[in-house]
1. Suppose we keep only residues that are open to solvent by less than 30 Å² (accessible area, probe 1.4 Å), modelled with pLDDT under 85 and among the charged types (D, E, K, R) within the range 464-502. Which one would you say is nearest to Gln534 (Cα to Cα)?
2. Just need a number here: residues in the range 255-279 that are acidic (Asp, Glu) and open to solvent by 20 Å² or more (accessible area, probe 1.4 Å).
3. I need a count of the residues in the range 222-241 that are surrounded by fewer than 16 Cβ atoms within 10 Å (Cβ to Cβ) and part of a loop (DSSP other than H, G, I, E, B).
4. Give me the residue from the range 162-189 that is touching a Gly at 6+ places or on another chain (Cβ under 8 Å), of a type outside the set (Lys, Arg) and in a loop (DSSP other than H, G, I, E, B) and, out of that set, surrounded by the fewest Cβ atoms within 10 Å (Cβ to Cβ).
5. Whether any residue in the range 201-223 is more than 30 Å from Lys322 (Cβ to Cβ), β-branched (Val, Ile, Thr) and modelled with pLDDT under 90 is what I want to check.
6. Filter the range 544-559 down to residues that are assigned to a loop (DSSP other than H, G, I, E, B), out of contact with any helix residue (DSSP H, G or I) (no Cβ under 6 Å at 6 or more places or on another chain) and among the acidic types (Asp, Glu), then give me how many there are.
7. Looking at the range 512-524 only, could you name the residues that are part of a strand (DSSP E or B) and surrounded by 16 or more Cβ atoms within 10 Å (Cβ to Cβ)?
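The values are calculated or read from the model by the stated rules, or taken from the named source; none is laboratory data. Since the structure is predicted, the reported quantities are computational estimates derived from the model, not experimental observations. Don't worry about glycine lacking a Cβ; one is built from the backbone with ideal geometry, like all the others, and counts go over all protein chains shown. Quick note on the areas: whole protein, heavy atoms, side chains included, nothing else; ligands and nucleic acids left out. Shrake-Rupley method; radii C 1.70, N 1.55, O 1.52, S 1.80 Å.
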Amino acid sequence: MKNVKILHLPLLFVFVHASVALADFAPYFYDNGPYSHNGNLALFSLSEDTAVGTLIYCLNGTDPEGQEVRYGLSFDPGSKEYFTVDPISGNITLVEKLDREKQDSIDVLVSITDGKSKVVERVTIFVMDANDEKPEFENMPAFIDVVETTDSGSSIYKVEAVDRDTGSGGSVTFYLQNPQSTVFAIDRYSGVLRIKPGETLDYEKTKTHFVTVIAKDGGGNFNGKEQFLSSSATLTINVIDAQDTPPSFTGTPYFGYVYEISVPGSEIFTVVAKDGDVGNPNPVHYSFDDGDDGVFSINKTSGCITLTTLPIYLKREIFNIKVRASEVSPEGTLMDYGVTTVVIRVVDLNNNPPTFYGENGPQNMFELTMYEHPPEGEILRSLKITVNDSDQGANAKFNLRLIGPGRMLRVVPQTVLNEAQVTILVEDSAAMDYEKHHFLTYKLLAVEIDTPERFSATADIVIHLLDTNDNAPKFSSDYYIARIPENSPGGSNVVSVTAADPDSGPWGEVKYSIYGSGADLFLIQSESGIIYTQPWASLDAEVRSKYNFYVKAEDAEGKYSLAEVFVTVLDLNDHPPAFNDNFLEKTMVIGAPVKIEAIDDDAEIPNNVIEYAIMKAEPDNNIFDINADTGEIMLKSYIKSMAIIQNITKQRDCTWSLVVQARDRGQPSFSTTAVVKIDITEAIKSRFFSYFLGLRKRPGAVFGICLTIVTFAISLTIFISTLIYWNSVKKSRVQSQGKIRKIIRRPVP
């Protein structure tokens, strides 16, 4: 038995040990409650406006043995898979768009496994509403019929709309677009549409109303912001006509006429009335109320008014007849009615047109001869014109008009009744110009005003204008520019001026003359306007190159105009260049130029532009250059010292003789030459020394300098001697005064 126990103890240990090693507890999720974002998704809710791709939750669990866990997520077969899960982290991501109105909850199978055991739980995710749905009308747009007599405040329609959102986003209120401009109002909560209190429908004014209704939700959160959504629809309201409007006359006011040739039965006028209820009109019955005096009758169905007697029996000139138009019901009774007034006038027959008369009877042509530019307001008294219309009253009233070029003349009176004397007045004197119009033709027109026939008459008025001297000669230009070469012989043509005077006869003949400070050398032919030089005149551009003076054009009566003439004397190349002296002496320091200058007395370029050139140089011709424009003479650039010059010339004497030419650029070109003697010295010597060196050849200048020096020395000696003398005198006076003072102060013994 001891052996048995000994044998069983190890077996029991091994079993127990094996039982402990083989025990495996399943992993499990943490249950963190409905408001947590990690755990097992229990009671988790999600807003439908959550964006796809959002990390919405994290599965979180553990294994009792501490094994690493993996997470899973699946859906029932056939269900839409809205989420995916990362098996390691447990992060759940939204991969499909949510729509609470289509699916408000989603069943999901979540799992956790440690590789050996797997736990699966079914959870429900609730989709929460967001304000993403607009209200939708259920009975709009719509068409309704409303009788125009419907009372104000009456309900005529109930608008219905629903919003599939929940909460405030699912509540709907109603509004009208432009509520101030409509006769309707809507209850914002019930959607009942009514006629506004105090408003009525009127078929005759508006047959159809278009009412736009807006349905708006109560707002709600969407994508983190407060959002209000609305929809609109149109309600078409057709107004049904009711028999509530009396007949009305069209085409008023009414006027009719009885003429002298009218006979009983003549149609005078026809009135027209229509039932005001145009949607369902009734027939109209016509009758007289008052004012017909028994001499007129009216057709009860057509409204035609006719004369029942001869015009000679009419006792009044004007009849104001009251005509009634009554609405006839289907039963034949007279209902509502309207009244209007027909004015019938008894008038003379318009059978006479206006007629113009001269001194000898009817006339349609009037002629007049007069001078141009008469005073404004002057009456053309030579025209004796009368106009007459033999009819009576309005048939004899007509207007007068004057038709012609411009507004030179005016006719009075402009309105005539029966007969008038016609007066023609001058209105625009300046326009009555003989030079523009030798004669003027107008038409005098008389046209009736208030007659259907509009009879008219015309008469021609022809005015022959006589010329006056009303124009001064006028030059073709305000100024003339002329050019003439200098040295032109006397009597040469300078320029021709032209002036014209549009007046006729002697008034149009022009005489020319010239005057002014610049006119002394010129003459003008008085008839042709040709300006030429005086026979003795000699023009020299070097003396004076510009002249200006005035030319005068004058007619026979002294009317004139002026123009200015500008004459330019053209320079000729008639002066050659000239040096101050044909023999010039210059001293040149090496490195510095010497300048010569010639002058050309011509007045203008290129005649006075000078070019310089070295024609000859001795003893050597190749050591000098000259500036052709300025006349500066300089050594060639490679000559820097006297030694180079002496090496070139093989002489110690540095004196040169140059022949320099000055030539102008005129055509033909003139030139002159001068001999220039140049002494060359070293550049290190002062200019002062160079100056005295040049005096060797100028004894007169040397004498003047010496005389100046001697005079200055003598003057200086005299000045110093005078100063010494006066100083000695002053000292002697001081000593004498001192001795006298000593003598006076000596005491008496």
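1. Looking at residues that are open to solvent by less than 30 Å² (accessible area, probe 1.4 Å), modelled with pLDDT under 85 and among the charged types (D, E, K, R), I get Glu486.
2. We begin by selecting, within the range 255-279, every residue acidic (Asp, Glu); these are 260, 267, 275, 277.
Add one more test, that the residue is open to solvent by 20 Å² or more (accessible area, probe 1.4 Å), and what stays is 260, 267.
The number of residues fulfilling the criteria is 2.
3. 3
4. Ser171
5. Taking the range 201-223 first, the residues more than 30 Å from Lys322 (Cβ to Cβ) are 201, 206-223.
Those left that are additionally β-branched (Val, Ile, Thr): 206, 208, 211-214.
From the residues that got through so far, the ones that are modelled with pLDDT under 90 too are 206.
Yes.
6. 1
7. Once the filter is applied, which keeps residues that are part of a strand (DSSP E or B) and surrounded by 16 or more Cβ atoms within 10 Å (Cβ to Cβ), the range 512-524 yields Tyr512, Ile514, Phe522, Leu523, Ile524.
Matching residues to (1) touching a Phe, Trp or Tyr at 6+ places or on another chain (Cβ under 7 Å); (2) under 30 Å from Val295 (Cβ atoms):
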{"site": "Glu331", "(1), (2)": "no, no"}
{"site": "Met335", "(1), (2)": "no, yes"}
{"site": "Thr340", "(1), (2)": "yes, yes"}
{"site": "Val343", "(1), (2)": "yes, yes"}
{"site": "Leu349", "(1), (2)": "yes, yes"}
{"site": "Met365", "(1), (2)": "no, no"}
{"site": "His373", "(1), (2)": "no, no"}
{"site": "Ile385", "(1), (2)": "yes, no"}
